[in-house]
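The values are calculated or read from the model by the stated rules, or taken from the named source; none is laboratory data. On a predicted model such as this, the values are computed, not experimentally measured, just so you know. Don't worry about glycine lacking a Cβ; one is built from the backbone with ideal geometry, like all the others, and counts go over all protein chains shown.
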Amino acid sequence: MFTRAVSRLGRKRPPSEIHTNHGAISSQENEQRESQNWATSLDNLLEDPQGVIEFTDFLKKEFSEENVLFWLACEDFKKSKDKKEMQKKAREIYTTFLSSKATSQVNVEGQSRISEMMLENPHPLMFQKLQEQIFNLMKYDSYSRFLKSETFLKNKASEENEHAGSSAGESAPKRASRIYNT
């Protein structure tokens, strides 16, 4: 179920224009900025759907995909509005990631403190401390390896080559005109 959520997050955007205060920029230029943005913080990486897909693929190879899936499930859970929906999602998170029989168990302190009573009366922040533990684990362990990984470095190099190729045929005045005209 949670892996489907990752696959629905998005794919690379089709060529189009994105309008900013400085005029229109192509999605290719925007993707270049996104890749650079991933390297600035784990928060930025997790806010970008394509970044989440790339990071999840990397974690699969490291056999720790459950960490990002748990984090995403908690983010989704916090957005729940009605009690029935919260109960359902809380139980799914517990059975998938926290119970002793979980199929994708995460390694966090305090998971045994989640009780049936808490699952029946959930609140949006009930998994917050556990989610923070997983975030910190990813931030100080997996994320730094991701930034040094062949996957990330190839993606970054590919984007740099695409960006260089797209502007190589343009003269400086034409490039400046395209970038700065609104």
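Points worth noting:
- Within the set 83, 12, the sole residue that is at pLDDT below 95, farther than 30 Å from residue 164 by Cα and surrounded by fewer than 16 Cβ atoms within 10 Å (Cβ to Cβ) turns out to be 83.
- Sole exception among (1) modelled with pLDDT of 50 or more; (2) within 22 Å of residue 144 (Cα to Cα); (3) in a helix (DSSP H, G or I) for residue 73, by number: (2)
- Within region 45-60, considering residues that are without any contact (Cβ under 8 Å) to a residue 24 or more places away in the chain and either in contact with a Phe, Trp or Tyr (Cβ under 9 Å, 6 or more places away or on another chain) or closer than 18 Å to residue 145 by Cβ (or both), the one surrounded by the fewest Cβ atoms within 10 Å (Cβ to Cβ): 60
- Condition met for residue 28 (modelled with pLDDT under 90, closer than 30 Å to residue 159 by Cβ and surrounded by 13 or more Cβ atoms within 10 Å (Cβ to Cβ)): yes
- Here region 95-107 is the region considered, the condition is being more than 20 Å from the chain's Cα centre (by Cα) and assigned to a loop (DSSP other than H, G, I, E, B), and the residue that is modelled with the lowest pLDDT is 100.
- Among the residues of region 54-73, those identified as more than 25 Å from residue 88 (Cα to Cα) and hydrophobic (A, V, I, L, M, F, W, C) are 55, 58, 59, 63.
- The set of residues from region 108-140 being among the charged types (D, E, K, R) and at pLDDT 90 or above comprises 120, 129, 132, 139.
Every residue, every condition in (1) hydrophobic (A, V, I, L, M, F, W, C); (2) without any contact (Cβ under 8 Å) to a residue 40 or more places away in the chain, yes or no:
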{"site": "73", "(1), (2)": "yes, no"}
{"site": "86", "(1), (2)": "yes, yes"}
{"site": "92", "(1), (2)": "no, no"}
{"site": "100", "(1), (2)": "no, yes"}
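- Looking at 40, 56, just one residue is outside any helix (DSSP H, G or I) and at pLDDT 50 or above, and that residue is 40.
- Test: residue in region 153-161 that is at pLDDT 85 or above and of a type in the set (Ser, Thr, Tyr): no
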